[in-house]
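Each reported figure results from applying straightforward, stated rules to the coordinates on display, with no laboratory input. Just so you know, these numbers come straight off a predicted model, no measurement behind them. Note: ideal-geometry Cβ built from the backbone for every residue, glycine included; neighbour counts use all protein chains shown.
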Amino acid sequence: MGRYYDGDIEGKFWFGVQSSDDAEYFGAENVTSENEEEDYHGGYVDYCIDNNNIDRVLEGIRICKGCLGENGNILMNFFESNNGYNDEMIIEHYMAKHNIQISEDELRGHLTYLARLQLGIQILIYFNQNPDKDCNFTAEM
């Protein structure tokens with residue numbers, strides 16, 4: 001069972017590597033009312049990213065890309081030819097295709113940044129297509 005977000009942007013959080021509040025990294029603010037917050041709005045949180053926060057979105061994307069380095073390309077190459085995955089498959093890909101030994105902890109960190117990067121890019125695309133609007137969406141907790 002996955003956790004989804006929808007509204008101005010839509011998608012699914014990466015299982016096991018991405019937190020439901022990951023958009024806060026790009027300046028998203030929880031705008032769930034206090035009454036709804038007490039019961040977690042039925043397991044959901046409403047987020048808003050002000051369109052004036054585009055610099056924070058860009059900075060978050062830059063940081064993610066910097067933390068990933070070449071690992072971003074290696075992982076994207078892996079996912080282009082694999083619909084599903086587990087850690088062992090990716091670790092084998094690193095060794096077989098790139099002669100790089102990587103631990104599960106290192107991999108988990110890279111996957112976290114890749115998932116976050118994809119969310120940040122999605123937010124940036126929204127702002128580029130809607131320059132005068134805030135980005136509003138609901139995240140499943």
Quick one: Leu114, Leu119, fewest Cβ neighbours within 10 Å first, how do they rank? Leu114, Leu119
Using the count of nearby Cβ atoms within 10 Å as a rough guide to exposure, how do Asp134, Asp105 rank from fewest to most? Asp105, Asp134
Mean separation of Cα pairs under 8 Å and 6+ residues apart, divided by the residue count of region 4-140: what relative contact order is that in percent? 45 percent
Could you tell me the center-to-center distance, by alpha carbons, between region 69-130 and region 10-32 in angstrom? 17 Å
Hey, fewest Cβ within 10 Å first, where do Ser20, Ser103, Ser81 land in order? Ser81, Ser103, Ser20
When the Kirkwood hydrodynamic radius is evaluated over all pairs of different C-alpha atoms of region 4-140, what value in angstrom, to one decimal, is obtained? 16.1 Å
Read phi for every residue in region 20-31 and hand back ³J(HN,Hα) as whole Hz from Karplus 6.51 cos²θ - 1.76 cosθ + 1.60, θ = phi - 60°, with x for Gly and Pro. 5, 9, 4, 5, 4, 4, 9, x, 5, 10, 5, 10
